[in-house]
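Have a look at the structure below, then the notes.
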Amino acid sequence: MRLLDLLFPERRNSAGIAKDRLKIVLAHERASRDAPDFLPALQKELVEVVARYVEIRGDMLRVNVGRSGDTSLLEINVEIDRALLRPVENGPVFSPPPAAVMRRFEPDTPWVKPG
Amino acid sequence: MGTAGGRRHRFVGEEGEVYLAKIIVLTSGKGGVGKTTSAAAIAAGLALRGKRTVVIDFDVGLRNLDLIMGCERRVVFDFINVINGDAKLNQALIKDKRNDNLYVFPTSQTRDKDALKRDGVERVLDELKDNFDYIVCDSPAGIEHGAITALYFADSAIIVTNPEVSSVRDSDRIIGILASKSRRAEHNLDPVEVHLLLTRYSTERVKRGEMLSVEDVKEILSIPLLGVIPESESVLRASNTGTPVVFEPESPAGRAYVDAVARFVGEQREMRFVQPERRSIFRTFFGRA
């Protein structure tokens with residue numbers, strides 16, 4: 001078996017695969033483990049509030065707790081679709097910011113935490 | 001068995017001696033990684049160094065420490081009997097026949113696992129603390145009531161881990177629980193000291209890239225390494241005969257546990273059994289499958 005292994009070394013390094021898989025899964029699990037319990041409720045209520053002014057689906061608002069040095073950061077990302085702006089009666093009128101500030105939210109780009 | 005001045009239930013050691021035991025938990029999350037073997041070996045190793053040590057089985061319903069320690073036929077009363085006040089601590093403790101410093105505290109085989117009430121456990125541990133240098137707690141697998149109770153009072157935790165993905169992941173989980181749910185965490189005391197004990201390690205397989213290395217596991221879990229125990233036939237032989245593996249001087253695993261215990265009490269020991277043994281030319285080319 002060892003001679004075969006020498007001929008086909010690429011089959012062998014399963015330990016490296018194990019290490020990479022563990023690093024990814026543990027990074028994810030450690031982040032969610034430290035998340036405070038109130039996040040789901042906060043997210044739900046924020047969606048309700050935002051939905052009074054803008055058409056929004058539950059998955060367009062994301063709440064995260066991150067960390068930068070010694071500071072905990074509460075991130076709230078709201079994706080707003082221009083086409084779905086809701087006219088509001090007797091309430092504050094939603095005025096979209098200038099086009100330069102309004103940028104498409106790319107769900108796949110990682111949110112860059114303020115340094 | 002006298003009662004020294006002001007002490008409760010002095011039943012081990014000389015009168016007038018003062019003990020305040022350190023509580024060590026052997027835990028892992030995952031089952032079958034060698035917690036009980038390691039608890040028996042570490043406790044026996046501490047006793048060999050002259051430390052008065054008791055090893056407690058927290059695995060209610062699946063008692064096995066008594067078998068590994070070779071005292072299964074001497075169990076009369078157990079942990080639950082003592083918690084419920086049906087027996088005195090000195091009636092339940094079993095003195096090891098090989099070493100005077102070593103005691104085994106077996107658990108119950110039959111009662112339900114919720115019988116380990118936290119305040120009852122605390123009362124028993126407090127009484128043991130006065131009589132021993134070390135209290136070694138053998139945790140059940142999982143993260144349920146029994147495992148949490150076993151780690152709750154710990155001053156120090158030995159995380160028993162195999163170089164394998166599910167074991168490493170579960171160890172990480174347990175380290176998180178120690179940092180948030182232990183008594184030390186809940187009372188804002190100094191955190192539980194955690195140590196990595198890597199068991200069932202095969203240097204040959206690591207060399208072939210088939211097994212996570214010590215460095216890999218250390219890097220992933222980022223806790224200090226207490227020891228590496230090689231996969232060894234002597235572990236099964238020792239459990240067959242009910243002998244903690246440190247009592248077998250010829251066993252590589254036994255020697256590795258002796259080193260780990262020495263490091264635990266603060267000695268510097270070089271890490272053995274992490275480099276493959278030298279092999280003949282013949283075996284290098286045609287080595288075992």
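The values are calculated or read from the model by the stated rules, or taken from the named source; none is laboratory data. From a predicted model like this one, the values you see are computed outputs, not experimental measurements. Here the Cβ positions follow ideal geometry from the backbone for every residue, glycine too, while neighbour counts run over all protein chains shown. In case anyone asks, the SASA skips ligands and DNA or RNA and just uses the protein heavy atoms, side chains included. Shrake-Rupley method; radii C 1.70, N 1.55, O 1.52, S 1.80 Å.
Is there a residue in the range B:150-162 that is out of contact with any helix residue (DSSP H, G or I) (no Cβ under 7 Å at 6 or more places or on another chain), at pLDDT 95 or above and within 13 Å of chain A (Cβ to nearest Cβ)?
Scanning the range B:150-162, I find at least one residue that is out of contact with any helix residue (DSSP H, G or I) (no Cβ under 7 Å at 6 or more places or on another chain), at pLDDT 95 or above and within 13 Å of chain A (Cβ to nearest Cβ), so the answer is yes.
Which condition does B:Lys129 not pass, out of (1) open to solvent by 40 Å² or more (accessible area, probe 1.4 Å); (2) touching a residue at least 60 places away in the same chain (Cβ under 8 Å); (3) within 14 Å of another protein chain (Cβ to nearest Cβ), if it passes all the others?
Result: B:Lys129 fails condition (3) only.
Quick grid of which residues meet (1) in contact with a Lys or Arg (Cβ under 6 Å, 6 or more places away or on another chain); (2) without any contact (Cβ under 8 Å) to a residue 24 or more places away in the chain; (3) not charged (D, E, K, R):
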residue: B:Asn162; (1), (2), (3): yes, no, yes
residue: B:Val194; (1), (2), (3): no, no, yes
residue: B:Lys207; (1), (2), (3): no, no, no
residue: B:Glu233; (1), (2), (3): no, yes, no
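Can you work out which of the residues in the range B:163-208 that are in a loop (DSSP other than H, G, I, E, B) and facing chain A (nearest Cβ under 10 Å) is surrounded by the fewest Cβ atoms within 10 Å (Cβ to Cβ)?
Residue satisfying both the conditions and the ranking: B:Glu164.
Taking only the range B:212-229 into account, find how many residues are open to solvent by 30 Å² or more (accessible area, probe 1.4 Å) and in a loop (DSSP other than H, G, I, E, B).
2
Which residue out of B:Ala157, B:Ala115 is touching a Ser or Thr at 6+ places or on another chain (Cβ under 9 Å) and surrounded by fewer than 23 Cβ atoms within 10 Å (Cβ to Cβ)?
Residue meeting the stated conditions: B:Ala115.
Does at least one position in the range A:15-34 carry a residue that is basic (Lys, Arg), within 12 Å of another protein chain (Cβ to nearest Cβ) and open to solvent by less than 60 Å² (accessible area, probe 1.4 Å)?
Yes, because at least one residue in the range A:15-34 is basic (Lys, Arg), within 12 Å of another protein chain (Cβ to nearest Cβ) and open to solvent by less than 60 Å² (accessible area, probe 1.4 Å).
Scan the range B:230-252 residue by residue and report those that are assigned to a helix (DSSP H, G or I) and closer than 18 Å to B:Leu65 by Cα.
Matches in the range B:230-252: B:Ser234, B:Val235, B:Leu236, B:Arg237, B:Ala238, B:Ser239, B:Asn240, B:Thr241, B:Val245, B:Val246, B:Phe247.
When the residues of the range B:59-84 are narrowed to those that are open to solvent by less than 60 Å² (accessible area, probe 1.4 Å) and over 19 Å from the mean Cα position of the chain (by Cα), which ends up nearest to B:Ala40 (Cα to Cα)?
B:Val75
Would you check if there is a residue in the range A:49-58 being under 20 Å from B:Gly176 (Cα atoms) and not in a helix (DSSP H, G or I)?
Checked the range A:49-58: no residue is under 20 Å from B:Gly176 (Cα atoms) and not in a helix (DSSP H, G or I).
What pairs come out if I take residues in the range B:143-157 that are over 16 Å from B:Ser180 (Cβ atoms) and pair them with residues that are in a helix (DSSP H, G or I) and open to solvent by 10 Å² or more (accessible area, probe 1.4 Å) whose C-beta lies under 7 Å away, six or more apart or interchain?
Cβ pairs passing all conditions: B:His145/B:Lys113; B:His145/B:Asp114; B:Gly146/B:Lys113.
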